[in-house]
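Only one structure is covered here, and it is reproduced in the block below.
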Amino acid sequence: MVPSPLKEPENLIQIRGKTCLEAGLATKRDRETRNGFMLEVIELDIPEVKILRPKRHGDSRGFFSETYNKALLSEAGIDIDFVQDNHAYSAEKGTVRGLHYQTPPFAQDKLVRVVRGAILDIAVDLRQGSPTYGKHVSSVISAVNGDQILVPIGFAHGLVTLEAHTEVLYKVSHYYAPEHDRGIVWNDPDLDIDWRIPEADAILSQKDQKLPRLADAASCFTYPEARER
Ligand SMILES: Cc1cn([C@H]2C[C@H](O)[C@@H](COP(=O)(O)OP(=O)(O)O[C@H]3O[C@@H](C)C(=O)[C@@H](O)[C@H]3O)O2)c(=O)[nH]c1=O
């Protein structure tokens, strides 16, 4: 079934913060768009983590959407040089991937979207000195709502699939560097993340089951400047 472009995003009430318009950041191209925004940018409770909501042009066939437009992101103050696209398919509902990050100088910004199914996406603040260190934000990202989540350098990233046969696409700003691949265990009690599934139902890779708790992980990001390039 083609997702309806007219349906309200499922996670609207979870999203807090200001849209570009409310923040007075509406761009020239935003204003020129007859039917509203080409791209809405919404800050979550940790404002460096953002929801990007590209416009869906609906018609009788379905919809058309620019899922990535470098100039529009730049106008919204997001200047990231993405170098790799990833595609992850999860067969089962309750598949947990995370919480992952790469250490500097291979740290990655991630721009995540879903083309089939749905996920709860999680970003954990790893920046030493940050007022929200160890805290997290989450948002439902789905094929239906078309939202994207920007998880910047300095955050661990994880997700749980809310439906079977979920496909996640994401852009990253640095190449995969397995020797710099790190993680925090998904169910670290200090993080207190509501994954929306019973712990016993979670499906994890062997690697992810053995990750350390945040308190035992070496810190490698500082606040406010987490990025290294
Ligand atoms: C992440 C990655 C993995 N791989 C390989 C390594 C391995 O053989 C296989 C599966 O890797 P992983 O188990 O690490 O895949 P996965 O658990 O899906 O890891 C991903 O999780 C999400 C939450 C992220 O944020 C990503 O950055 C990434 O860490 O794919 C690449 O070739 N390139 C890549 O960029």
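Here, each number is a calculation from the coordinates, and none is a lab measurement. These numbers come from a predicted model, not from an experiment. Cβ: placed from backbone, ideal geometry, glycine included. Neighbour counts: every protein chain shown.
Things to note:
- Global geometry of region 159-229, whether rounded, prolate or oblate, following the gyration tensor of its Cα atoms and the 1.5 cut on a/c: oblate
- Exceeding the 22 Å Cα-Cα cut-off - candidates LYS55/LYS135; LYS110/LYS135; LYS70/LYS110; LYS135/LYS171: LYS55/LYS135; LYS135/LYS171
- For region 12-217, the Rg and Dmax computed from alpha carbons only, in angstrom: 17.0, 54
- Between ASP216 and TYR175, the FRET efficiency estimated from the beta carbon spacing at R0 = 25 angstrom works out to 0.35.
- Dipole in debye (nearest 20) - region 12-217, about Cα centre, beta carbon charges: Lys, Arg +1; Asp, Glu -1: 560
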